[in-house]
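Student: Below is the structure I would like to discuss, written out as structure tokens.
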Amino acid sequence: MMDSQQNMPETFRLDYPLIDVQHEVLFALYHEVRLALGGEEEGFDLGDIFSGLNLYVETHLAFEENAMLATGYPQLDTHRVGHQALRDGVGGLYARFLRASEPQESRQVAGQIADFLYVWLEEHIARVDRDLCRHLKEHAFGE
Amino acid sequence: MALNISTDGERVVVRLPKLFGFAVRSEFKQATSGHPVGTKYKLDFQDVERMDSSALGMLLLLRETSGGLSSDILIVNPRTEIRKLLQLANFHTLFKMA
Ligand SMILES: [Fe+2]
């Protein structure tokens, strides 16, 4: 991959390309929300960013859950609880975004989605995905 | 113009640049806006040597703006390392890859 300032912070990196690349896509969508909220003329439509985010959240979490199942990961259930928090958090805020009647409310909820996603990525990657990546490496998953 | 836009009769064809990343984001958005929902795309990766995560985000956004679930985006001619990157990101499940 190329380097760019828009890249995910290095502290989010787990040195496991399969998972790192997918986290980077989530981070890129986070960055798109920030650009759209920053009033950048060329910003993408927030509704499109959020539908793309919902889709990719599900794609990524399903990928990790399948990897855990395939390798008999002992912490599957607790890891899934963390995933469900992301699904519920992003899904719930997205529903509020769609219901918002005023542009100001839409932007406020959009900011909440971005904040929620950033904090989730930061905490989940550091605490939960690090252990999973260690396990997947031991099982040579995806190699 | 880093991007080349044409049509093959069925699809809008976007020939992507050597460095497909944040630097061409505005151009990519402009080139792909103004087409109605339901427009089919062919993204030609033959010149692409490197791409960044912002480019992966752009691909997902094009998928949404062109119809989401019913979108029809065909990726052609990626070199081996680019194909590998797209597969790592699981994009082969979201896009058609030739
Ligand atoms: Fe995870």
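Student: For the range B:4-97, which semi-axes, largest first and in whole Å, follow from the square roots of 5 times the eigenvalues of its Cα gyration tensor?
Tutor: 18, 15, 13
Student: Further question: Taking R0 as 41 Å, what's the FRET efficiency between residue B:2 and residue A:98 from their Cβ-Cβ distance, rounded to 0.05?
Tutor: 0.75
Student: A further question on this structure: Would you mind checking which residues have amide H under 5 Å from residue B:74's amide H? H placed 1.01 Å from N; only 5 or more apart, or other chain.
Tutor: Answer set, sorted by chain and number: B:41, B:42, B:43.
Student: From the phi of every residue in the range A:61-72, what ³J(HN,Hα) in whole Hz does the Karplus formula 6.51 cos²θ - 1.76 cosθ + 1.60 yield, where θ is phi - 60° and glycine or proline is x?
Tutor: Values, residue by residue: 5, 5, 4, 4, 5, 5, 5, 5, 5, 5, 10, x Hz.
Student: In the protein assembly as shown, what percentage of the DSSP-assigned beta bridges are antiparallel, given to the nearest 5?
Tutor: Percentage antiparallel, nearest 5: 25.
Student: Under the rule a/c < 1.5 gives rounded, and otherwise a/b versus b/c splits prolate from oblate, where does the range A:19-138 land using the Cα gyration tensor?
Tutor: prolate
Student: So how much slack lies between residue A:81 and residue A:138, counting 0.36 nm per residue of separation and subtracting their Cα-Cα distance, in nm?
Tutor: 18.2 nm
Student: Got a sec? How would B:20, B:95 order by Cβ neighbour count within 10 Å, fewest to most?
Tutor: Taking fewest neighbouring Cβ atoms as first place, the list is B:95, B:20.
Student: If you place +1 on the Cβ of every Lys and Arg and -1 on the Cβ of every Asp and Glu, how big does the dipole about the Cα centre of chain B come out, in debye to the nearest 20?
Tutor: Charge dipole of chain B: 120 debye, to the nearest 20.
Student: In chain B, what percentage of the DSSP-assigned beta bridges are antiparallel, given to the nearest 5?
Tutor: 25
Student: Which of rounded, prolate, oblate describes the protein assembly as shown, given a ≥ b ≥ c as roots of the alpha-carbon gyration tensor eigenvalues and a/c under 1.5 marking rounded, otherwise prolate only if a/b is larger than b/c?
Tutor: oblate
Student: Same structure again: Count the lysine pairs in chain B whose Cα atoms sit under 17 Å apart, keeping only pairs 8 or more residues apart in sequence or on different chains.
Tutor: Step by step, the pairs that qualify in chain B add up to 7.
Student: Per residue of A:16-26, how many C-beta atoms from partner chains lie within 10 Å of its own C-beta, taken as a mean?
Tutor: If you average over the peptide's residues, the count of other-chain Cβ atoms is 4.
Student: Report, by chain and number, residues whose modeled amide H sits under 5 Å from the one on residue B:47, excluding near sequence neighbours (fewer than 5 apart, same chain).
Tutor: For residue B:47, the qualifying residues are B:16.
Student: Additional query: Residue farthest toward the positive end of the dipole of the range A:19-138, with Cβ of Lys/Arg at +1 and Asp/Glu at -1: which of A:84, A:120, A:27?
Tutor: A:84
Where a number appears in this text, it was derived from the coordinates with a stated rule and is not lab data. Because the structure is a prediction, the values reported are computed rather than measured. With ideal geometry, Cβ positions are generated from the backbone for all residues, glycine too; neighbour counts draw on all protein chains shown.
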